[in-house]
Structures are given as C-alpha cells and as structure tokens.
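For reference, the structure is listed below as structure tokens.
What follows draws every value from the coordinates through simple rules; no lab data is involved. Predicted model only: the values in this text are computed from it and were never measured. So basically every Cβ, Gly included, is an ideal-geometry build from the backbone, and we count neighbours across all protein chains shown.
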Amino acid sequence: MTEIKKYDNDNIFAKIIRGEIPCGKIFEDEHVLAFYDIAPQAPIHILVIPKGAYVDLADFSANASGDEITAFHRAVAQIVKDHDLTAGFRAISNAGGHGGQEVPHYHLHIVGGAPIGAMIP
Ligand code: 5GP
C-alpha cells in the first residue's frame with residue numbers, strides 16, 4: 001500500500017455520490033457512478049468515478065480493492081458501448097496540481113462523439 005492521500009469529504013463529487021447535488025446520471029452500480037460533465041469539452045463528455053474515497057488515479061490504483069477496480073473498468077466498457085463510442089474516444093485522468101485536477105476525487109473523463117484533436121494542445 002502506498003501512502004493514502006488525505007481525502008476531502010466535501011469535494012463536489014463526494015456530494016454527488018451522497019445525493020446532495022444532482023447529476024445527469026448515466027450509470028450506477030455498487031462501486032461506480034458515471035454522469036455527464038457539467039461543462040462538456042466534446043459532444044460526449046462523461047465522468048466515471050468510483051464511489052470509494054480515492055483522490056486520484058494513483059490512489060485508486062494503489063488502494064482500491066480488486067472488486068472496485070474491476071467494476072470501474074467494466075463500467076467504462078459498458079458506457080463506451082451504450083454511447084456508441086466505437087468510432088473512438090479519449091479517456092483522461094488529471095491528477096494533482098501539475099495534472100490540472102480541479103476535483104480531488106478520482107475521475108476518468110471519457111470524451112468523444114467527434115475527433116478530439118491533439119492529446120496535449
Ligand atoms: P478535473 O479538472 O478535476 O479533471 O475535472 C473536473 C471536471 O468536473 C470538470 O470537467 C468540470 O466541468 C466537472 N464538474 C465540476 N463540477 C461539476 C458538477 O457539479 N457536476 C458535474 N456533472 N460536473 C462537474
């Protein structure tokens with residue numbers, strides 16, 4: 001186990017998970033929630049988050065259970081299928097200050113529905 005980063009229980013995605021703030025939910029199971037980004041950067045812009053308290057991808061990858069990690073990636077596959085993203089998509093996870101992460105709860109952006117352009121403009 002790597003060091004567990006301090007998790008802010010009041011971050012916006014924690015509030016969404018607790019049902020305190022609404023979201024455009026598109027997928028939910030025991031471990032995972034997915035919803036539309038409030039400020040979409042592409043025709044399809046979905047956020048996939050674990051329900052567990054993980055700060056970023058490194059925290060999730062190091063400390064989540066096998067069931068949580070499997071559920072997360074199975075959810076991504078289901079979402080890609082449900083949204084007809086077979087023409088392609090990009091999955092992005094920003095982490096920390098250098099990564100430009102705004103919300104300190106691990107999330108994967110899935111963007112698609114049109115050519116996305118250069119990975120790092
Ligand atoms: P980050 O920069 O942390 O990778 O991305 C955070 C994302 O969360 C941004 O794309 C932003 O538009 C989205 N976001 C922030 N607040 C809310 C919210 O209340 N609801 C939804 N659906 N998305 C949000």
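Report the far tail of the P(r) of the chain, meaning the percent of Cα-Cα pairs longer than 19 Å.
Values: 3337 of 7260 pairs.
Summing the P(r) of the chain above 19 Å gives 46 percent of all pairs.
Relative to the longest principal Cα axis of the chain, at what angle does helix 66-82 sit, 0 to 90 degrees, rounded to 10?
Between the helix axis and the principal axis of the chain, the angle is about 20 degrees.
Which residue, HIS45, HIS83, HIS109, tops the fluctuation ranking in a GNM of the chain built on C-alpha contacts under 10 Å?
Judging by the Gaussian network model, the answer is HIS83.
In µm²/s, what is D for the stretch 64-121 at 4 °C and 1.567 mPa s, where D = kT/(6 pi eta Rh) by Stokes-Einstein and Rh is the Kirkwood radius from Cα pairs? Display every interim value, and only then the final one.
Numbers: Rh = 13.0 Å.
Stokes-Einstein gives a translational diffusion coefficient of 99 µm²/s.
If packing is taken as the mean number of other Cβ atoms within 10 Å per residue, what is the order of 36-42, 115-121, highest first? Each step should come with its number before you reach the end.
Details: 36-42: 12.7, 115-121: 7.0.
Most protected by this proxy first, the peptides run 36-42, 115-121.
Would you work out which of SER93, PRO121, HIS107 lies farthest towards the positive end of the dipole of the chain, given +1 charges on the beta-carbon of Lys and Arg and -1 on that of Asp and Glu, about the Cα centre?
PRO121
Label points 7 Å out from Cα along the Cβ direction at THR86 and LYS25: separation in nm?
2.9 nm
If you take the charge dipole of the chain about its Cα centre, with +1 on Lys and Arg Cβ and -1 on Asp and Glu Cβ, which of ILE21, TYR7, PRO43 is farthest toward its positive end?
Value: PRO43.
What's the magnitude of the charge dipole for the stretch 17-57 around its Cα centre, counting Lys and Arg as +1 and Asp and Glu as -1 at the beta-carbon? Answer in Debye, nearest 20. Don't skip to the answer; put the middle values down first.
On the way: 3 positive and 6 negative charges, 16 e Å.
The dipole magnitude comes to about 80 debye.
Can you give the charge dipole size of the chain about its Cα centre, rounded to the nearest 20 debye, using +1 on the beta carbon of Lys and Arg and -1 on the beta carbon of Asp and Glu? Can you show the working numbers first?
Working: 9 positive and 15 negative charges, 38 e Å.
Here the size comes out at about 180 debye.
What order, most packed first, do the peptides 24-34, 92-102 have when packing is the mean number of other Cβ atoms within 10 Å of each residue?
Numbers: 24-34: 15.8, 92-102: 12.3.
Answer by packing, highest mean first, reads 24-34, 92-102.
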